[in-house]
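Notes for the one structure printed next.
The values are calculated or read from the model by the stated rules, or taken from the named source; none is laboratory data. These figures come from a predicted structure and were not determined experimentally. Glycine gets a Cβ as well: all are built from the backbone with ideal geometry, and neighbour counts include every protein chain shown. SASA here: full protein model, heavy atoms, side chains in, ligands and nucleic acids out. Shrake-Rupley method; radii C 1.70, N 1.55, O 1.52, S 1.80 Å.
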Amino acid sequence: MSYADRLFIDTVKDILENGVSDEGMEVRPRWEDGTPAHTLSVFGVVHRYDLSKEFPILTLRRTYWKTAWDEIEWIWQKKSNNVHELHSHIWDQWADENGSIGKAYGYQMGVKYQFPEGMADQVDHVIWQLKNDPASRRIMTNIYNFQDLHEMALAPCAYSMTFNVKGGKLNAILNQRSQDMITANSHNITQYSMVLLAMASAYGYEPGELLHVIGDCHIYDRHIELAKEIISNKSYDAPKMWVDPTVKDFYAFTKDSFRLDGYQYSDFDKKIPVAT
């Protein structure tokens, strides 16, 4: 069994057995039919993945890793907030008639600030620090901008990455205020593991650990039976993620710069509804 599968199974079981329901409370999310989308949740979950040992992608069901990277390109490279520049349709339901999700995600990554090296956005500053100041304890991004929240279609869920270099290894913390375990967990872990691998490979580091810190970790009411089915599926050994060592610029990475070898997964073809 892969380590990512074990963590996922343990967390889902914990939520199902010990999670607290928000039934009876007023909640923001709604199902497509307008019904309030309630959850079972636990608070304060920390998952630690050693990327030097395993690439953490679920095998209990398929995760579309190329789609996960496409969203990273949209946010971290294009710094876009328009779904017309995203190949998948995962953000369509939050977009306006012009395709914009407001001042969210990629928009925040593209805002320029005055840094020691001059005017730069957050991604450029991370790259500059990894190349010029790897001992810094301030290598981070943060897109939870309170000033702009009222102009965002959705407040960022995964909102901050903190990078840290230790002993020639690049480590990172992904902070997430809210995590939908069934629809988003493996997607988020896959894409931010790829960010770490790309940054490490491009700027001369070995991959280290990714810590995933989750505030509200939940399963939606209409996902409960699906969750039970997923964790009963067969688990396989973790696949290997190859990263093209000739790419020396984070912005030059594409989905073709990666290759996932030996990825086996259990079939799961049931539709998972998304609350908005």
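In what sequence, largest accessible area first, do Asp14, Asp5 appear using a 1.4 Å probe? Before the final figure, lay out the partial values.
On the way: Asp14 60, Asp5 0 Å².
My answer, sorted largest first, is Asp14, Asp5.
The residues Phe253, Phe115, sorted by heavy-atom accessible surface at 1.4 Å with ligands and nucleic acids left out, run Phe115, Phe253 from largest to smallest.
Grab the DSSP H runs of the chain that are 4 residues or longer, score each as -39,500 (n - 2.57), total them, divide by all residues and round the 222 nm result to the nearest 500 deg cm²/dmol. Provide the component values of the computation, followed by the final result.
Numbers: 6 runs with 66 residues, N = 276.
My calculation for the chain gives -7000 deg cm²/dmol from helical runs alone.
Put simply, the Cα atoms of the stretch 92-227 extend 47, 33, 22 Å along their principal axes, the longest span coming first.
What accessible area per residue comes out for the chain, rounded to a whole number of Å², with a 1.4 Å probe? Don't jump to the answer; show the numbers that get you there.
Values: 13190 Å² over 276 residues.
Accessible area per residue, the chain: 48 Å².
Cut-off 20 Å, label point 7 angstrom out along Cα-to-Cβ of Tyr3: give me the residues of the stretch 198-215 whose amide nitrogen falls inside. Output list for this probe position: 198-201, 205-214.
Taking R0 as 35 Å, what FRET efficiency do you get between Phe146 and Lys234 from their Cβ-Cβ distance, rounded to the nearest 0.05?
Working: r = 45 Å, r/R0 = 1.27.
Efficiency computed from Cβ-Cβ geometry: 0.20.
Taking Ile182, Ile224, Ile90 in turn, the Gaussian network model of the chain (Cα-Cα springs below 10 Å) assigns the largest fluctuation to Ile90. Within the full protein context, the accessible area of Ile9 is estimated at about 10 Å² for a probe radius of 1.4 Å. Apolar share of the accessible surface for the stretch 176-276: 47 percent from carbon plus sulfur atoms, 1.4 Å probe.
Once Rg and the Kirkwood radius are both taken over the C-alpha atoms of the stretch 152-276, their ratio Rg/Rh works out to 1.00. Take every pair of alpha-carbon atoms less than 8 Å apart whose residues are at least six positions apart; their mean separation over the length of the chain yields a relative contact order of 27 percent. Given the alternatives (1) 51, 43, 31; (2) 61, 48, 36; (3) 52, 42, 36, Cα extents along the principal axes in Å as computed for this entry is given by (1).
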